[in-house]
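J.: One structure follows; several queries about it will come next.
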Amino acid sequence: MAEVLVLAEHSADGGVKQVTLELLTAARRLGAPSVVWTGPGADAAAARLAEYGAEKVYVAGGAEFDEYVVAPKAELLAQLVASVTPAAVLVAGTTEGKEIAGRLAVKAASGVLTDAVNVVPGDDGAPVAEQPNFGGAITVHSVVTAGTPVIALRPNAVSPERSPGAATLQPVAFAASDAAKATTITGRTPAEPSQRPELTEAQVIVSGGRGTGSPEGFQVIEELADALGAAVGASRAVTDAGWYPHQFQVGQTGKTVSPQLYIAAGISGAIQHRAGMQTAKTIIAINKDPEAPIFEIADYGVVGDLFTVIPQLLDEIAKRHR
Ligand SMILES: Cc1cc2nc3c(=O)[nH]c(=O)nc-3n(C[C@H](O)[C@H](O)[C@H](O)COP(=O)(O)OP(=O)(O)OC[C@H]3O[C@@H](n4cnc5c(N)ncnc54)[C@H](O)[C@@H]3O)c2cc1C
């Protein structure tokens, strides 16, 4: 069975990010998954990777992955594509993952598909990716017709499923080229520690829009998020107004999310917002305008004032926790 390369994403503590387990689950449909691990920590991660079906783990443990931006990772993948001839390469559809996918595709003279929400083998066994387009209005199924398919799969799009693999560690001799070292990381500013899950990985997101009215009004969104163990998102109207930081913006020019549950409160549902959240499994909208476009894509809708609806929701959640 042909190998399918999966580029591992590391969590802040050096562990395995959930999206890597999702990629492994998708890779198993296409062939034998081989993880590509950059930097230290492969020994500690191997058991987790094995749990989700990794047969091999290619380990390039050099410091260059930490010192330079994404170019060395793309070079490493290109080297492995040339030596292993995999059936496909799967990367996370994160900002970094998509940049790596593009660079790899150029190096390997391959086609690349980004923002995929699913990938399955086609009749000939080659991967077929499902991609929402035009803000989710159209879903297309795409195949790569040149080279090794490079596919960036959105976090949370595939449910990770366990299936034991050997996760045999295989060291890879790799030295980044001078060109790949052209952009150096000069410093890192750790994100403010937050008890909330990371927006692009969260299973539940509570997002607030202009309907929250002010930074103070937006606090009710945080309260609901905390009651549900959710991440907080915001529309661009909110981030542009400075009511909430830009890194929490969801949409075309913000983050793309695919949680199990997305609660949109006081958000009209403009196409640019929908582009970033339309693939959520379940969408609940709270809006006082029954004609708001968000209701067109909502699974459940509450027509009402969010400052009345959310406190009632919080009471109900609190009752269940008593
Ligand atoms: C190139 C481009 C890129 C863009 N990228 C993005 C993007 O990435 N993300 C994004 O979000 N937008 C983006 N936008 C902006 C987008 O077009 C909308 O302007 C924006 O999404 C609107 O935000 P909103 O829904 O919060 O505000 P509004 O459209 O003003 O909607 C507010 C909603 O709140 C409801 N409401 C008001 N008060 C209450 C209340 N008390 N209780 C309940 N409901 C209430 C109203 O009925 C209304 O539906 C982009 C625009 C452009 C041109």
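The values are calculated or read from the model by the stated rules, or taken from the named source; none is laboratory data. On a predicted model such as this, the values are computed, not experimentally measured, just so you know. Because the Cβ atoms are built from the backbone with ideal geometry, glycine has one as well, and the counts that use them run over all protein chains shown. Surface accessibility is based on the protein's heavy atoms, side chains included, excluding ligands, DNA and RNA. Shrake-Rupley method; radii C 1.70, N 1.55, O 1.52, S 1.80 Å.
J.: Checking the condition open to solvent by 10 Å² or more (accessible area, probe 1.4 Å) and among the aliphatic types (A, V, I, L, M), which residue from A50, A54 passes?
T.: Just a single option satisfies the conditions, and that option is A50.
J.: Moving on. What number goes with the only condition from (1) away from the ligand (no atom under 15 Å from the Cβ); (2) open to solvent by 60 Å² or more (accessible area, probe 1.4 Å); (3) closer than 25 Å to T279 by Cβ that R210 does not pass?
T.: Going through (1) away from the ligand (no atom under 15 Å from the Cβ); (2) open to solvent by 60 Å² or more (accessible area, probe 1.4 Å); (3) closer than 25 Å to T279 by Cβ one by one, R210 breaks only (1).
J.: Filter segment 244-270 for residues that are part of a strand (DSSP E or B) and open to solvent by less than 50 Å² (accessible area, probe 1.4 Å); which is farthest from the ligand (Cβ to nearest atom)?
T.: L261
J.: Residues that are away from the ligand (no atom under 12 Å from the Cβ) and open to solvent by less than 10 Å² (accessible area, probe 1.4 Å): does segment 218-225 have at least one?
T.: Taking every residue of segment 218-225 in turn, at least one turns out to be away from the ligand (no atom under 12 Å from the Cβ) and open to solvent by less than 10 Å² (accessible area, probe 1.4 Å).
J.: Looking at segment 279-289, which of its residues are surrounded by 21 or more Cβ atoms within 10 Å (Cβ to Cβ) and over 19 Å from L224 (Cα atoms)?
T.: Scanning segment 279-289 gives a single hit, T279.
J.: Within segment 216-229, identify whether any single residue is of a type outside the set (A, V, I, L, M, F, W, C) and under 30 Å from L80 (Cα atoms), and answer yes or no.
T.: Scanning segment 216-229, I find no residue that is of a type outside the set (A, V, I, L, M, F, W, C) and under 30 Å from L80 (Cα atoms), so the answer is no.
J.: Next question. Which of (1) over 20 Å from A230 (Cα atoms); (2) surrounded by 13 or more Cβ atoms within 10 Å (Cβ to Cβ) does E296 not meet, given it meets every other one?
T.: (2)
J.: Another question about this same structure. Quick check, is G187 without any contact (Cβ under 8 Å) to a residue 12 or more places away in the chain and either surrounded by fewer than 23 Cβ atoms within 10 Å (Cβ to Cβ) or more than 11 Å from the ligand (Cβ to nearest atom) (or both)?
T.: Spelling it out, G187 is indeed without any contact (Cβ under 8 Å) to a residue 12 or more places away in the chain and either surrounded by fewer than 23 Cβ atoms within 10 Å (Cβ to Cβ) or more than 11 Å from the ligand (Cβ to nearest atom) (or both).
J.: Turning to a different aspect of this structure: Give the residue that is farthest from A116 (Cα to Cα), with candidates limited to residues of segment 271-322 that are of a type in the set (S, T, Y) and more than 9 Å from the ligand (Cβ to nearest atom).
T.: Y300
J.: Please find, among P171, P121, P127, the residue that is buried (at least 16 other Cβ atoms within 10 Å of the Cβ) and either closer than 29 Å to P40 by Cβ or in contact (Cβ under 8 Å) with a residue 12 or more places away in the chain (or both).
T.: Being buried (at least 16 other Cβ atoms within 10 Å of the Cβ) and either closer than 29 Å to P40 by Cβ or in contact (Cβ under 8 Å) with a residue 12 or more places away in the chain (or both) holds for just one of P171, P121, P127, which is P127.
J.: So, one more: Quick one: is F218 touching a residue at least 24 places away in the same chain (Cβ under 8 Å), hydrophobic (A, V, I, L, M, F, W, C), assigned to a helix (DSSP H, G or I) and farther than 17 Å from I205 by Cβ?
T.: In short, no.
J.: Return only the number of the condition from (1) more than 14 Å from the chain's Cα centre (by Cα); (2) open to solvent by less than 60 Å² (accessible area, probe 1.4 Å); (3) farther than 17 Å from N118 by Cα that A8 does not satisfy.
T.: If we test A8 against (1) more than 14 Å from the chain's Cα centre (by Cα); (2) open to solvent by less than 60 Å² (accessible area, probe 1.4 Å); (3) farther than 17 Å from N118 by Cα, just (1) comes out false.
J.: Out of all the residues in segment 88-101, is one or more at pLDDT 95 or above, open to solvent by 20 Å² or more (accessible area, probe 1.4 Å) and farther than 21 Å from A176 by Cα?
T.: no
J.: Filter segment 24-45 down to the residues that are open to solvent by less than 10 Å² (accessible area, probe 1.4 Å), under 18 Å from P155 (Cα atoms) and outside any strand (DSSP E or B) and list them by number.
T.: Selection gives L24, T25, A26, A27.
J.: Output the number of the condition that S235 fails; it satisfies all remaining conditions of (1) farther than 18 Å from P132 by Cβ; (2) in contact with a strand residue (DSSP E or B) (Cβ under 6 Å, 6 or more places away or on another chain); (3) open to solvent by less than 30 Å² (accessible area, probe 1.4 Å).
T.: Going through the list (1) farther than 18 Å from P132 by Cβ; (2) in contact with a strand residue (DSSP E or B) (Cβ under 6 Å, 6 or more places away or on another chain); (3) open to solvent by less than 30 Å² (accessible area, probe 1.4 Å), S235 breaks only (2).
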